[in-house]
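The values are calculated or read from the model by the stated rules, or taken from the named source; none is laboratory data. The structure displayed is predicted, hence computed values, not measured ones. Ideal geometry is used to build each Cβ from the backbone, glycine not excepted, and the neighbour counts take in all protein chains shown.
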Amino acid sequence: MAANNKIILIGRIGNDPKEDTKHLASGSTVTELRLAVNRTAKDAQGNYITDWVTAQFWNKTAEMIQQYCEKGQMISISGSLRIDSWDKDGQKRQKYYVHGEEWYSLGSKKNAGNAPTAGKGAYEARQPSYNANNLALPDGEDPPF
């Protein structure tokens, strides 16, 4: 059986992607997001426990995130878990992060009713031509679900 490395997260962006986008000397672009992801468990005060997950997006996807995403926005990301290892002052260090491949905007605090946007690799950001709240079926028909 082949091993798979796929992670999907939904959370709010905790940093400004415009400020955390870097253009490297190699010509690559990288955007790092800090994503606030709630657990299903609650703490003693009844608040959901939040985990902060780092995700890196590269090149065209990074540029799209820089252009279309903002701090506080709800987003879904998918990618693979990566681990960078290095030695610093004789100590072995590791950093876990998501190597982002796809992203979907699930709206923002400002525009909660807008249809989601999406991004993937070399594709352009796209806006669906519908709003899920305004879908209408012909008279007398029930939805197929």
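Restricting to the range 25-47, what's the tally of residues that are surrounded by 10 or more Cβ atoms within 10 Å (Cβ to Cβ) and either of a type in the set (Ser, Thr, Tyr) or free of Cβ contacts under 8 Å to residues at least 24 places away in the same chain (or both)?
First pass over the range 25-47, keeping only residues surrounded by 10 or more Cβ atoms within 10 Å (Cβ to Cβ): 28-39, 42-43.
In the following step, the residues that additionally are either of a type in the set (Ser, Thr, Tyr) or free of Cβ contacts under 8 Å to residues at least 24 places away in the same chain (or both) were identified as 28-29, 31, 34, 39, 42-43.
Residues in the range 25-47 being surrounded by 10 or more Cβ atoms within 10 Å (Cβ to Cβ) and either of a type in the set (Ser, Thr, Tyr) or free of Cβ contacts under 8 Å to residues at least 24 places away in the same chain (or both): 7 in total.
Taking the criterion of being exposed (fewer than 11 other Cβ atoms within 10 Å of the Cβ) and under 27 Å from Ala3 (Cβ atoms), would at least one residue in the range 64-77 satisfy it? Walk me through it before giving the result.
The initial filter retains those residues of the range 64-77 that are exposed (fewer than 11 other Cβ atoms within 10 Å of the Cβ), namely none.
Checked the range 64-77: no residue is exposed (fewer than 11 other Cβ atoms within 10 Å of the Cβ) and under 27 Å from Ala3 (Cβ atoms).
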Checklist outcome for this item: Out of (1) under 14 Å from Arg12 (Cβ atoms); (2) within 18 Å of the chain's Cα centre (by Cα); (3) surrounded by fewer than 17 Cβ atoms within 10 Å (Cβ to Cβ); (4) not hydrophobic (A, V, I, L, M, F, W, C), the one Lys60 does not meet is (1)
Checklist outcome for this item: Checked the range 29-49 for anything closer than 23 Å to Lys95 by Cα and either aliphatic (A, V, I, L, M) or modelled with pLDDT under 95 (or both); matches are Val30, Leu33, Leu35, Ala36, Val37, Asn38, Arg39, Ile49
Next on the checklist: Could you check the range 76-104 and list, in sequence order, the residues that are part of a strand (DSSP E or B), of a type outside the set (A, V, I, L, M, F, W, C) and without any contact (Cβ under 8 Å) to a residue 12 or more places away in the chain?
Outcome noted: Ser85, Asp87, Lys88, Gln91, Lys92, Arg93, Gln94
